[in-house]
Amino acid sequence: MGLIKKFQDLTIFKGRFTYLCLLKDKLMFKNCPSDERLLELKNKFEGRRCFIVALGPSLIAEDLDLIKEYNEYSFSVNRCYQMFDKTRWRPDCYFFSDAKVFTPVTRDAIFEMANEGIDIIYSKFAAPKGMPSTAIYYKAKYTDAILSASRKTKYKKLAVPLRFSSNAYDFIYDGHTCIHSILQLAYFMGFKEVYLLGADCGVSANKVYTDLVKNNIDCNISEQNKIGDVMIEDYASLKKDIESQQLDFKIFNATRGGRLEVFPRVDIEDLFKEN
């Protein structure tokens, strides 16, 4: 009866849908360890810096060319392959955690990236089969993301903040953008400084961003939307948890404009002046 009562109590967050999501997360978390090959990446890049290329509309090809020119390590996500005909840049690691973008086109692009030697790291539950043999999967933990949806409801006082996993092999907390997951992976791989690029947090929910590289655009996006708000709140939660754990890990925002002010701003050109 105690276990039944526990699950009944959980339903107050978002009703039956949340109850089912939490139960699914509990089962997946228990029965699916990470790929052991993930351990080979632990502290592999100790002390280095890296870039996480998000796909906001402020992203321009010239910034990606800088990353390529100076041989900086970079992660990217989702449909980043749509910009490959506009820049010489390629990510060193392609990260995948969103089943909604796992289309046949994306699957083909993932295989092409794997053939080019790009590391593929993904959530097994976003793409349970049909991935390259070299791709490495991680154990995802969704509970925080599920419960944090309550913050916009009358139960928001019961919602939990998104946390930061210091050991990505044990699990990664997946949030409302896969950038949150990549940050945890980057720490696990030994990076000490991370620079976010294209993390605008202000694109309207009904926009489909197809032309990923735009040179003439107003980057000071002022549009407010719920998805962007939740992303920003999650970034703040991650920062707070990193500080509470006293981790040697610094995050900067090199995005041209956008709404994300949680992390210190830097100009991407300044990062390469000394070089």
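None of the figures in this text is laboratory data; all of them are computed from the coordinates on show. Please read all numbers here as calculations on a predicted model, not as lab measurements. Reconstructed Cβ throughout: ideal geometry from the backbone, glycine too, with neighbour counts over all protein chains shown.
Quick one: PHE102, PHE96, fewest Cβ neighbours within 10 Å first, how do they rank?
On the way: PHE102 19, PHE96 23.
Fewest-to-most ranking of PHE102, PHE96: PHE102, PHE96.
Do any GluC sites (Glu not before Pro) in the range 29-89 lie in a DSSP loop with no more than 11 other beta carbon atoms within 10 Å, and if so, which?
On the way: sites: GLU36, GLU40, GLU46, GLU62, GLU69, GLU72; in loops: GLU46, GLU72.
Qualifying residues, ordered by number: GLU46.
Return the whole-Å distance between the Cα centroid of the range 229-275 and the Cα centroid of the range 49-114.
With the range 229-275 and the range 49-114 each reduced to a Cα centre, they are spaced 19 Å.
Kindly provide the trypsin sites (Lys or Arg not before Pro) of the range 64-122 that DSSP labels as loop, not H, G, I, E or B, and whose Cβ sees at most 13 other Cβ atoms within 10 Å.
ARG88
Please state the charge dipole magnitude for the range 68-148, taken about the Cα centre, from unit charges on C-beta atoms (+1 on K and R, -1 on D and E), reported in debye and rounded to the nearest 20. List each step's numbers first, then the result.
Values: 11 positive and 10 negative charges, 60 e Å.
In total the dipole reaches around 280 debye.
Fully extended, how many nm does the chain gain between PHE272 and ASN71 (0.36 nm per residue separation, minus their Cα-Cα distance)? Don't skip to the end; give the middle numbers.
Values: separation 201, 0.36 × 201 = 72.36 nm, distance 1.11 nm.
Gain in length upon complete extension: 71.2 nm.
Please list, in order along the range 164-177, the HN-Hα scalar couplings obtained from phi with the Karplus expression 6.51 cos²θ - 1.76 cosθ + 1.60 (θ = phi - 60°), rounded to whole Hz, x for Gly and Pro.
10, 7, 8, 9, 5, 5, 5, 4, 10, 6, 8, x, 8, 8
Note down the magnitude of the dipole of the range 49-91 about its Cα centre, charges +1 on Lys and Arg C-beta and -1 on Asp and Glu C-beta and zero elsewhere, to the nearest 20 debye.
Values: 6 positive and 6 negative charges, 35 e Å.
The dipole of the range 49-91 has a size of about 160 debye.
Going through the cross-link list LYS86/LYS129; LYS139/LYS239; LYS44/LYS100; LYS68/LYS239, which pairs have a Cα-Cα distance over 25 Å in this structure?
On the way: LYS86/LYS129 30 Å; LYS139/LYS239 22 Å; LYS44/LYS100 31 Å; LYS68/LYS239 28 Å.
Pairs exceeding 25 Å: LYS86/LYS129; LYS44/LYS100; LYS68/LYS239.
Would you kindly state how much longer the chain becomes between GLU36 and GLU112 on full extension, computed as 0.36 nm times their sequence separation minus their alpha carbon distance, in nm to one decimal?
Working: separation 76, 0.36 × 76 = 27.36 nm, distance 2.35 nm.
Between GLU36 and GLU112, full extension yields an extra 25.0 nm.
Compare the peptides 164-173, 111-120 by average per-residue count of other Cβ atoms within 10 angstrom and give them in order, highest first. Walk me through the numbers on the way to the answer.
Values: 164-173: 19.3, 111-120: 14.8.
Result, highest mean first: 164-173, 111-120.
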